[in-house]
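Just below is one structure, and these are the notes that go with it.
The values are calculated or read from the model by the stated rules, or taken from the named source; none is laboratory data. Predicted, not measured: the structure shown is a model, and the values here were computed from it. Cβ placement follows ideal geometry from the backbone for every residue including glycine, while neighbour counts extend to all protein chains displayed. Heavy atoms of the whole protein, side chains included, go into the accessibility calculation; ligands, DNA and RNA do not. Shrake-Rupley method; radii C 1.70, N 1.55, O 1.52, S 1.80 Å.
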Amino acid sequence: MPGKPELLAPAGNWESLVAAVENGADAVYLGGRLFNARQSAGNFTREELARAVEFAHVRGVKVYVTVNTLLDELELDEAAGFLLFLQQSGADAAIVQDLGLAGLARQVVPELPLHASTQMTVHNLPSALVLKEAGIERVIAARELSLAALKAMVRRGGIKVEVFVHGALCVCYSGQCLMSSLIGGRSGNRGRCAQPCRLNYELVDRRGRSLVDPEKTGKYLLSPKDLNLSEHLPDLIAAGIVSFKIEGRMKRPEYVATVVRVYRELLDRAAAGEEFFVRPEEARDLAQIFNRDFTTGYFYGRPGRDLMSYKRPNHRGVRLGRVKSFDRKSRLAGILLEEPLRMGDEIEAWVTEGGRAAGEVRRILWGGSVVERAPAGSVVRVEIPGRVSPGDRVFKVYDADLVERARASFTSPREQKKIPVVFKVSARPGEPLRLTVQDPDGFTGAAETAVPARAALRTPLTRDYLEKQLNRLGNTPYLLADLECDLAGEIMVPVSEINEARRTALERLSMRRAAALKPPPVPLDVFRRRLDRVFAESSPEKTGTRFSAGPGLAVAVTGPASLEAAVRAGCSEVYFGGESYRSGEPVTLKDIYTAAETCARAGVRFILSSPRIQQDGELDNYCRLLEKTASLPVDGVLAGNLGLIKKAGEITGKPVYADFSLNVFNHRTALFLKKAGVSRVTLSPELTLHQIRKLVPLLPVPAEVIIHGAMPLMVSEHCIPGALLGDGRPHGDCRGPCRDRHYGLRDRKGVVFPLEMDRACRMHIFNSRDLCMLEHTGDLVGAGPAALRIEARREGAGYVRDVVRAYRRVMASLPEALAGDELAGLKKSLAGYSPAGFTRGHYYRGVL
């Protein structure tokens, strides 16, 4: 049986930190004011971080600090300095997303352990192995992995794996979402996600016709339920998962206290090998404190529509009962209670017309009397604002008793999580009273009184008296477990002296406990020498890439007809295959052979594309495809994940290109990828043109940028058309409504985002407006990339032909600009393919 896993809790602010520690967390994760993916949480200043580490370490709790955003080139130095601060403060690990920062950290602060954030999208074993080889100690796996996949990652790769067990889910693979970024300029990769997935959408066909009734199905088509694996902890323990993580740095401390308390009790029982089940009161507390309904996510396969909370994107509470009657004049509703109710609770009625009616319970009428409380099974009358009807369901969304219990755990001056200690006291006449305190780990603190003991005139010291004085530990993390006394005769010492010796001994014990978990700090001069050496070795003079010729024009396509159109229109290179969508024909091995030969005859470079998400079985299949195409004139492989980079290089010996999904935001990330085997990188679509100009000369490998096309905003294991139109039941067979059909999601403003479903039944959401940089092609060429890419994987031959011709014409005129009327004519010819209009993406506006 694997060892007992760690219970890891969120701490968005100081109260949540105390709540997590006091309720039994083994470790907490928290963020500083910069470089963390929850910028809207309270977070911690440097001084607060150092204090948090000491507070936690004294109580035997580890601290992991999130540094889990993508970093601009100008932020690398400051971020490295922040990692040094964390190491010097004694943080137990940093959680990182940026591959460049991970590589830099291993060189300048190797003493600080690193954990790979779920934002790294680690979804196959080879990806985890690449990170392990790069010095990453632990991987926070993608939430889309099944229990079987996680078990294989642990057992076959020897990887330390951390998984989320409770809390909010993202509908998109973490680290792959551009929806908040491209719609509102708030990047999830930079810690500013606006959560557009919690807004309302409508499923429509290509003509804009609604395909489901929102009133019956629900309007929140991208809003998942909350993850809850409380009933399955023994399975996770058996799989060898080292850390069970609770989501919630944006949640209030009462939530943290409650969820940690319940999971602490459950995990202790599961690890002890007892008959395991979740008690009704435990399940109720988890649901009451916050839920959007619960799901087990993808741990036991694809859950279909059972993953989603289509009708409600926020807390639904616990069902309280149904309305039996309603008096319009008094506004009093009669409710048959299924749960207890008290004054101060908050309730919400799901009314037949008008949505929700909610409010605080200020008066309870039961049996003709006003009462403070009413038990389950009673019929009460309470005031509900709004109009309700008999039969309407009522939910308790705030339980005052539960919240008060939770709050007491972190606001009381008397700590509830206690460390047993043994006091040893010795005293002799004419000598100071000497006191030693020892914890179960063998750490000690000692002190002695400032004045000597003297013969007692009336009341001598006794063991009982000393126990009473030494047991005054309420506002400390310690509990008196035993007392050993060695008193020579009848002596006395002033009580103030005993109390001061107790405080001093405990302070020294706490210092030793904190110091035991704090490694030797890296000296600042050592860090600076390391940093100077690293930046000197990766300076542009040594690693930067220069191009004398102008950039090539690359086109990413899926079908043979589109490839033929791209070649005839004059592209320089083609990415072929990759995401094969069900709205079109599948790409066959014969298609690849024909496409390679077509490109070879035309002198066009042929690069085999790949899906960016490839779980282990899919990656194995793709590797077999690479082996079958080894004899073809393939000029390279476009890889969308770390695992394929490793595999493609080993199998083909051809250049490997990194797709935009690998989030190249700085030159250190490009250097990391180069060491992994990459020959060219696609820069992040969240970079501005100004950032690209500054970045390209620093890169150790050539770069490309995307200049035109429908940008994917999300990739998800959840398929909305399959769930709503194809009987997408848990683990069931879908009827495949996506075959040869086109769908979209229409938002509350009437904007439609196209959908595509790939051969693995993943859903891809695209921006409503195509990226178009036709008028600014010269600016992009001047930035120095090796290639400009047109994204046309979901487009037909006509689209590809016209777009390639337009960009080829503009590029041929450089450095001179085309005449305004000709340029306007070219752009007009492309406008028909993007009815919603064009966007310049982030090239001129950047992200928050």
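Structural descriptor for the chain: relative contact order 13 percent, calculated from alpha carbon pairs under 8 angstrom and at least 6 residues apart.
Counting every pair of alpha carbons in segment 111-187, the share spaced more than 14 Å apart comes to 62 percent.
Between 0 and 90 degrees, the angle of helix 589-602 with respect to the longest Cα principal axis of the chain falls at about 60 degrees.
Computed from phi, the 3J(HN,Hα) profile of segment 48-58 under the Karplus parametrisation 6.51, -1.76, 1.60 (θ = phi - 60°) reads 5, 4, 4, 5, 5, 4, 5, 4, 5, 5, 4 Hz, with x in place of Gly and Pro.
Note on segment 565-610: Kirkwood hydrodynamic radius from all Cα pairs is 11.0 Å, rounded to one decimal. The radius of gyration of the Cα set in segment 203-272, together with its Dmax, comes out at 18.9, 58 angstrom. Two numbers describe the Cα atoms of segment 656-723: Rg and Dmax, which are 14.2, 47 Å. The alpha carbons of the chain stretch over 110, 77, 50 Å along the principal axes, in descending order. In the chain, taking the dipole from charged Cβ atoms about the Cα centre, the farthest positive-side position among LEU642, PRO452, THR217 is held by THR217.
Across segment 268-386, Cα-Cα pairs more than 26 Å apart make up 35 percent of the total. Seen from every direction in turn and averaged, the convex hull around the alpha carbons of segment 38-156 projects onto 8.3 nm².
The string of couplings for segment 472-481 from the Karplus curve (6.51, -1.76, 1.60, θ = phi - 60°) is 7, 10, x, 9, 10, x, 10, 10, 5, 9 Hz, one whole number per residue in order, with x for Gly and Pro. Here, segment 754-842 yields an orientationally averaged convex hull projection of 6.8 nm² when only Cα atoms define the hull. Expressed as a whole percent, the accessible area of segment 243-366 that falls on carbon and sulfur atoms is 48 (1.4 Å probe). Using the Stokes-Einstein relation with a Kirkwood hydrodynamic radius computed over Cα pairs, the translational diffusion coefficient of segment 157-224 at 25 °C and a viscosity of 0.890 mPa s comes to 170 µm²/s. Within segment 291-368, the GluC sites (Glu not before Pro) that combine a DSSP coil assignment with at most 12 other C-beta atoms in a 10 angstrom radius are GLU353.
Using Cα-only point scatterers and the Debye equation, what is log10 of I(q)/I(0) for segment 482-622 at each q in 0.09, 0.11, 0.14, 0.18 Å⁻¹, rounded to two decimals? For segment 482-622 at q = 0.09, 0.11, 0.14, 0.18 Å⁻¹, log10 I(q)/I(0) is -0.63, -0.73, -0.88, -1.07.
Between the alpha-carbon centers of segment 608-649 and segment 316-390, tell me the distance in whole angstrom. First find each Cα centre; the distance between them is then 59 Å.
Three principal axis extents describe the C-alpha atoms of segment 572-641; from largest down they are 35, 27, 20 Å. Within the accessible area of segment 738-782, the carbon and sulfur atoms contribute 42%, probe 1.4 Å, all protein chains present. Here the spin labels are modelled as points 7 Å beyond Cα on the Cα-Cβ line, and at ARG528 and ALA760 they lie 4.8 nm apart.
Geometric descriptor of segment 328-478, per residue, is 210 Å³ (volume of the convex hull of the Cα atoms).
Under 5 Å from the amide H of GLU339 lie the amide H atoms of GLY377, each residue being 5 or more positions distant or on a separate chain, with H modelled from the backbone and absent for Pro and chain starts. I'd like the orientation of helix 667-676 relative to the chain: the angle between its Cα long axis and the longest Cα principal axis, in ° from 0 to 90, rounded to 10. So the inclination is approximately 80 degrees.
Summary of packing: across the peptides 269-275, 220-226, 837-843, the per-residue average of other C-beta atoms within 10 Å ranks them, highest first, as 220-226, 837-843, 269-275. Cβ distances below 4.7 Å define possible disulfide partners, and in the chain the cysteines left without one are CYS170, CYS193, CYS197, CYS485, CYS571, CYS599, CYS623, CYS719, CYS734, CYS738, CYS761, CYS772.
When the solvent-accessible area of segment 1-131 is split by element, carbon and sulfur atoms take up 50 percent of it, the probe being 1.4 Å. One way to sum up the overall shape of segment 55-117 is the equivalent ellipsoid from its Cα gyration tensor, whose semi-axes run 21, 11, 10 Å, largest first. Dividing the summed helix terms, -39500 (n - 2.57) for each DSSP H run of n ≥ 4, by the number of residues in the chain produces a 222 nm estimate of -10000 deg cm²/dmol to the nearest 500. Of the residues LYS417, LYS219, ranked by 1.4 Å probe accessible area with the largest first, the sequence reads LYS219, LYS417. Computed from the C-beta positions of MET511 and ARG748 and an R0 of 51 Å, the FRET efficiency is 0.35 to the nearest 0.05. If the segment from ARG387 to SER369 were pulled out straight at 0.36 nm per residue, it would be longer than the present Cα-Cα gap by 4.1 nm. Geometric descriptor of segment 87-147, per residue, is 78 Å³ (volume of the convex hull of the Cα atoms).
Taking max minus min of the alpha-carbon positions on each principal axis, segment 142-272 gives extents of 57, 37, 33 Å, largest first.
All C-alpha pair distances within segment 708-815, sorted into 5 Å bins from zero, spread as 2, 10, 18, 17, 15, 12, 10, 7, 4, 3, 1, 0 percent across the bins. Rounded to the nearest 10 degrees, the angle from helix 616-628 to the longest Cα principal axis of the chain is 30 degrees.
Close amide H contacts of SER187 (hydrogens built in the peptide plane, cut-off under 5 Å, sequence separation of 5 or more or a different chain): ARG192, LEU848. One quarter of the convex hull surface built on the alpha carbon atoms of segment 450-538 amounts to 9.6 nm², the projected area averaged over directions. Based on protein heavy atoms only, segment 423-527 ends up with 55 Å² per residue of surface accessible to a 1.4 Å probe. When the pairs LYS590/LYS647; LYS62/LYS245; LYS219/LYS749; LYS62/LYS418; LYS311/LYS396 are compared against a 20 Å limit on Cα-Cα distance, LYS590/LYS647 fall above it. FRET efficiency for the pair ARG809 and MET250, taken as 1/(1 + (r/R0)^6) with r the Cβ-Cβ distance and R0 = 51 Å, rounds to 0.55.
Between the alpha-carbon centres of segment 464-485 and segment 796-848 there is a gap of 78 Å. For segment 1-74 versus segment 209-278, the inter-centroid distance based on Cα atoms is 20 Å. Taking all protein chains together and rolling a 1.4 Å probe, ASP293 ends up with roughly 60 Å² accessible.
Against the empirical 2.2 N^0.38 Å (N residues), segment 378-463 has a Cα radius of gyration ratio of 2.35.
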